[in-house]
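Notes follow the structure.
The values are calculated or read from the model by the stated rules, or taken from the named source; none is laboratory data. All values derive from a computational prediction rather than experimental measurement. Using ideal geometry, Cβ is built from the backbone for each residue, glycine included, and neighbour counts are taken over all protein chains shown. Calculation scope for accessible area: heavy atoms of the full protein, side chains included, ligands and nucleic acids excluded. Shrake-Rupley method; radii C 1.70, N 1.55, O 1.52, S 1.80 Å.
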Amino acid sequence: MAAPENQLGSPVSNFSVRLSPTPRGARLARLLTEQQLRTWGLPWERATQVVAELAANAATHGRVPGRDFQLLLYVVGETLRIEVTDTRGDRLPRLQCATADGESGRGLVLVEALADRWGVTQGRHPRKTVWAEVTVPAPEPGGACSGATGGLSQGRKQG
């Protein structure tokens, strides 16, 4: 049992899923995020756009055949943390100035505009995690929480 000073006052809502690094996997990440945030009763518009951009980057720039990317969502207090982990730790994302007629290069500019904070964390080789945080209203006491991995489910996480 954790020491009282290390215990959270409320359960942590979380959702995790591994997806194929393809355009279909990126779309599924966005759709699953929208559904999960609706289940939690949280606003989903900004967060799903952030997930769409990070998942598209994982499918495009972080793709390694045969290796999935992982989407992790969790809420602590009034912060929704979005993490997308892929297996191309050698390819770190960076903000770029897109050309006016370019068809790409705007994803992280959108993440920068929509998220309160974002960054990159190097993981165990060869992984990296691109994360973003979005402020959301505090969850209702006794509201739905998810401890699920890879699916949409509800339940109270017991402490």
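Apart from one condition, A113 fits all of (1) within 24 Å of V64 (Cβ to Cβ); (2) at pLDDT 90 or above; the exception is (1). Filtered by the rule that a residue be surrounded by fewer than 21 Cβ atoms within 10 Å (Cβ to Cβ) and among the charged types (D, E, K, R), segment 31-78 gives E34, R38, E45, R46, R63, R67, D68, E78.
Assessment of segment 5-25 against the conditions (more than 20 Å from K128 (Cα to Cα), open to solvent by less than 40 Å² (accessible area, probe 1.4 Å) and either part of a helix (DSSP H, G or I) or modelled with pLDDT of 80 or more (or both)) yields at least one matching residue. No other residue among V51, V76, V84, V64 is modelled with pLDDT under 95 and within 29 Å of P137 (Cα to Cα) apart from V76.
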